[in-house]
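See structure below.
The values are calculated or read from the model by the stated rules, or taken from the named source; none is laboratory data. Here the structure is a predicted model, which means the values were calculated and not measured. Cβ atoms come from the backbone with ideal geometry, glycine included; neighbour counts cover every protein chain shown. What goes into the accessible areas is simple: the full protein's heavy atoms, side chains included, and nothing from ligands, DNA or RNA. Shrake-Rupley method; radii C 1.70, N 1.55, O 1.52, S 1.80 Å.
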Amino acid sequence: MFDKKNGSMKDVKGLMKKQLQKGQMALLNSIAQIADREDVNVYVTGGFVRDLLLNLKNLDIDLVVEGNGIDFAEILAREFNGFAKSHAGFGTSVVILKDQSRIDVAMARMEYYPHPGALPKVEGGSIEKDLSRRDFTVNSMAIKLNGQGAFCLIDFFNGEMDLKAGFIRVLHDRSFIEDPCRIFRAVRFEQRFKYRIE
């Protein structure tokens, strides 16, 4: 867990090596090397991290880049002989690999909703800002892939604690107003994991 006061982090590389398929771990290591070369910080986020901590298989890789996510996605596509589809308005891309697997790539961002249920307006931000806009604490964790603190869990909002306690907890009081579909997602997670909605 990331400690904002003293910067300590929980190393999860051993857990990843134990639970992930060799090809998946090799892919993340390659992404980390590319990120170092390109001098950007890259994180794997969301359901991948949640399911890793729950010892569940999850092949979906969602990356967040502190910097230009679209440029980084295009670099990954070239490196892995795939192709990238981008959505410039949201700063997101999907990289399709030769085996048809995919890597979702987004810039670390903040979101603003002009009115309830509207599509968000986005602008670049830090990993902390990016994680703070997520739906639930259990989905607001990240693992840094490169640089200082590589392969450490970043958990600003006690998502790991809520995973252990069995809570589905929203991150902020406007969560369901901004995206009412999160209500259905909360119920789905409650049923899937046998958790309680806070």
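At-a-glance table
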read-out: Extreme residue, nearest to F83 (Cα to Cα), among residues of the range 101-119 that are of a type outside the set (A, V, I, L, M) and not in a loop (DSSP other than H, G, I, E, B); value: R102
read-out: Selection status of G149, under 17 Å from L52 (Cα atoms), modelled with pLDDT of 90 or more and surrounded by fewer than 20 Cβ atoms within 10 Å (Cβ to Cβ); value: no
read-out: Near pairs, Cβ below 6 angstrom, 6+ apart or cross-chain, from the range 108-124 (more than 22 Å from I143 (Cα to Cα) and among the aromatic types (F, W, Y)) to any residue that is open to solvent by less than 80 Å² (accessible area, probe 1.4 Å) and not in a loop (DSSP other than H, G, I, E, B); value: Y113/E178
read-out: Check on K98, assigned to a loop (DSSP other than H, G, I, E, B) and either open to solvent by 10 Å² or more (accessible area, probe 1.4 Å) or touching a residue at least 12 places away in the same chain (Cβ under 8 Å) (or both); value: yes
read-out: Listing of strands (runs of 3 or more DSSP E) fully contained in the range 1-87 that carry 3 or more residues being open to solvent by 50 Å² or more (accessible area, probe 1.4 Å) and of a type outside the set (S, T, N, Q); value: 83-87
read-out: Residue match in the range 179-197 (condition: loosely packed, with under 15 Cβ neighbours inside 10 Å, within 17 Å of N55 (Cβ to Cβ) and of a type outside the set (V, I, T)); value: yes
read-out: Meets criteria (closer than 27 Å to E198 by Cα and of a type in the set (K, R)) for R134; value: yes
read-out: Test: residue in the range 167-187 that is over 20 Å from E111 (Cα atoms) and polar (S, T, N, Q); value: no
read-out: Given (1) among the hydrophobic types (A, V, I, L, M, F, W, C); (2) open to solvent by 10 Å² or more (accessible area, probe 1.4 Å); (3) not in a loop (DSSP other than H, G, I, E, B), number of the condition F90 does not satisfy; value: (3)
read-out: Among the candidates D130, D135, D155, residue that is open to solvent by 10 Å² or more (accessible area, probe 1.4 Å) and either closer than 23 Å to F90 by Cβ or out of contact with any Gly (no Cβ under 7 Å at 6 or more places or on another chain) (or both); value: D135
read-out: Failed item, numbered, when D173 is tested on (1) under 17 Å from N41 (Cβ atoms); (2) outside any helix (DSSP H, G or I); (3) not hydrophobic (A, V, I, L, M, F, W, C); value: (1)
read-out: Scan of the range 120-168 for residues that are in contact with a helix residue (DSSP H, G or I) (Cβ under 7 Å, 6 or more places away or on another chain), among the hydroxyl-bearing types (S, T, Y) and part of a helix (DSSP H, G or I), ordered by number; value: T137
